[in-house]
Structures are given as C-alpha cells and as structure tokens.
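Colleague: Have a look at this one before I ask anything.
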Amino acid sequence: MPAKFITFEGVDGCGKSTISKEVCQALIDMGHEVEWTMEPSENWLGDQVRRSYSEEISPFTEAFLFLADRATHTDRIRKHLADGKIVISDRYSDSTIAYQGALLSDELIKQGIDSVDWLWELNNRIIIKPDVTFLLDIAPEISLERLNTREELSKFERQGYLEKVRANYLRIASREDRYVIIDATQAKQTVLNEVLLILKEKV
Ligand code: TYD
C-alpha cells in the first residue's frame, strides 16, 4: 500500500515546517495531489491552543486542548485521504505524546501511570495512524540556538523540557515501524534529500 498520510515531528527549531513544506512541493512536482496541514490548526480551535501558551493553565487542560484541535483536524485529514490525496502534517498526535507526556510525567507517575502510555491511549481513540513519520532529530541545545535568532521563546522552548520531549520521541520511534529518524543537524538540503529518497519508495 502506498503511503498516504505522512507526518513530521521533532523538537522546536528542528526545521520540520520548512522541510515538510518543501517535501509537499516536491511531491506535487512529481504529479501527486498533496495537502499540507499543521497543528495547532489554522482555525479557531488552533487559536485557543495558541492562546493557552501564554496562560497559566493545568497541564491536563493543555493536553485536552491539543486533543480537541486534533479531533477536528483528523476529520479534515480523513476527507482529504478519501479524496485520494496525500496528506502531509507538520506535527500530529506524537507531539502531544512527546510534549504533554513530558509535562504530565511527574504528576501521573504518582498515580502509577506512565504519561506516554496514557496519552497514547487517548490519542488512539481519535487519530488516523500515519503511514510514515519523520522524526527530525536534534539535540535541543542546537535547535534552540537556531530559535534564539527568532523572537521570544515560548514556554515549550526550554532546553531541559525539550530534552525530555526528545527522549519521548525516541521512545515512540523505537516501538513504531512507521518512524524514520533523520539527523536534523545536517544541512537543510541534505535533510530534504534524505526524506525524499525514502518517500520516493513509499508513495
Ligand atoms: P510548532 O510547530 O513549533 O509551531 P511554531 O513553528 O509556529 O512555533 O508548534 C507550536 C508548539 O506547540 C511547539 O512548541 C510544540 C507545541 N505542541 C505541543 O506541546 N503539543 C502538541 O500536541 C502540538 C501539536 C504542539
């Protein structure tokens, strides 16, 4: 079965937005019908998620905001896939498992629950499983240097936190065959070429 649903994941500053857009264009140039999409979404649900970045909110509220956005986003993805299109998403469910998993781990472990497993289970009720997920893997120390040249860092963009996020991504990758880990410290063109080489075999 050709790959139809492709996601890009990684810590802030890994370059997935740039790479996923260029991959989208390359697939279009190859003659495929492709929809590029992202989370948080570009609608009112995504706006609520983005608003929460600057609010003091419970980590559970935060997780459920991302999930609420995802449920509606998934309906749109389902429609594109039914129309026979390839869908590329810049972040999807694994972002919640990695980021909110890192945030909720201390709280949930007191209840004897593994936050990654718990969020995994919640997401599984909502999502379409991607056919391929590219993890643009990079040490937060390096990715944050890239972001430092941009505007003010968000609450997600702290190094210690992102190290836990990265560890969660690597944990998910180790148990999911759909994962392809790409060294995101390489030059942009090299990363792009590696992704396209793999995708040409899959789409
Ligand atoms: P990001 O793709 O980095 O957007 P931008 O390039 O505009 O900064 O995503 C925004 C932030 O949201 C990022 O720090 C990761 C976080 N996030 C989560 O914590 N959980 C999620 O489920 C998603 C989709 C994103």
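Colleague: Name the pairs whose Cβ atoms lie under 8 Å apart, with the first residue in region 115-136 and of a type in the set (D, E, K, R), the second open to solvent by less than 10 Å² (accessible area, probe 1.4 Å) and in a loop (DSSP other than H, G, I, E, B), and 6 or more positions between them or separate chains?
Modeller: Qualifying pairs under 8 Å: Asp131/Ala3.
Colleague: Quickly run through region 10-69 and pick out the residues that are β-branched (Val, Ile, Thr) and free of Cβ contacts under 8 Å to residues at least 60 places away in the same chain.
Modeller: Ile28, Val34, Thr37, Val49, Ile57, Thr61
Colleague: For region 48-74, name all the residues that are open to solvent by 60 Å² or more (accessible area, probe 1.4 Å) and basic (Lys, Arg).
Modeller: Correct list: Arg50, Arg51.
Colleague: A further question follows. Residues of region 125-152 being open to solvent by less than 70 Å² (accessible area, probe 1.4 Å) and more than 18 Å from Val165 (Cα to Cα), which ones?
Modeller: Hits for region 125-152 are Ile126, Ile127, Ile128, Pro130, Val132.
Colleague: All but one of (1) open to solvent by 60 Å² or more (accessible area, probe 1.4 Å); (2) farther than 17 Å from Phe156 by Cβ; (3) within 16 Å of the ligand (Cβ to nearest atom); (4) part of a loop (DSSP other than H, G, I, E, B) hold for Trp118, so report the exception by its number.
Modeller: Unmet for Trp118, out of (1) open to solvent by 60 Å² or more (accessible area, probe 1.4 Å); (2) farther than 17 Å from Phe156 by Cβ; (3) within 16 Å of the ligand (Cβ to nearest atom); (4) part of a loop (DSSP other than H, G, I, E, B): (4).
Colleague: Name every residue in region 53-64 that is within 9 Å of the ligand (Cβ to nearest atom) and not small (Gly, Ala, Ser), in order of residue number.
Modeller: Once the filter is applied, which keeps residues that are within 9 Å of the ligand (Cβ to nearest atom) and not small (Gly, Ala, Ser), region 53-64 yields Tyr53, Glu62.
Colleague: Out of everything in region 31-47 that is surrounded by fewer than 16 Cβ atoms within 10 Å (Cβ to Cβ) and within 13 Å of the ligand (Cβ to nearest atom), what residue ends up being farthest from Phe8 (Cα to Cα)?
Modeller: The residue in question is Asp47.
Colleague: Let me ask another. Report every pair of residues separated by at least 6 positions or lying on different chains whose Cβ atoms are under 6 Å apart, first residue within region 182-203 and closer than 14 Å to Phe134 by Cα, second surrounded by 15 or more Cβ atoms within 10 Å (Cβ to Cβ) and not aliphatic (A, V, I, L, M).
Modeller: If the second residue must be surrounded by 15 or more Cβ atoms within 10 Å (Cβ to Cβ) and not aliphatic (A, V, I, L, M), the pairs left are Ile182/Phe134; Ile182/Glu194; Ala184/Cys14; Ala184/Gly15; Ala184/Asp137; Leu192/Glu22; Val195/Phe134.
Colleague: Shifting gears a bit: Quick one: would you say Ser105 is at pLDDT 95 or above, surrounded by 13 or more Cβ atoms within 10 Å (Cβ to Cβ), among the hydroxyl-bearing types (Ser, Thr, Tyr) and within 13 Å of the ligand (Cβ to nearest atom)?
Modeller: Spelling it out, it is not the case that Ser105 is at pLDDT 95 or above, surrounded by 13 or more Cβ atoms within 10 Å (Cβ to Cβ), among the hydroxyl-bearing types (Ser, Thr, Tyr) and within 13 Å of the ligand (Cβ to nearest atom).
The values are calculated or read from the model by the stated rules, or taken from the named source; none is laboratory data. From a predicted model like this one, the values you see are computed outputs, not experimental measurements. Ideal geometry is used to build each Cβ from the backbone, glycine not excepted, and the neighbour counts take in all protein chains shown. In case anyone asks, the SASA skips ligands and DNA or RNA and just uses the protein heavy atoms, side chains included. Shrake-Rupley method; radii C 1.70, N 1.55, O 1.52, S 1.80 Å.
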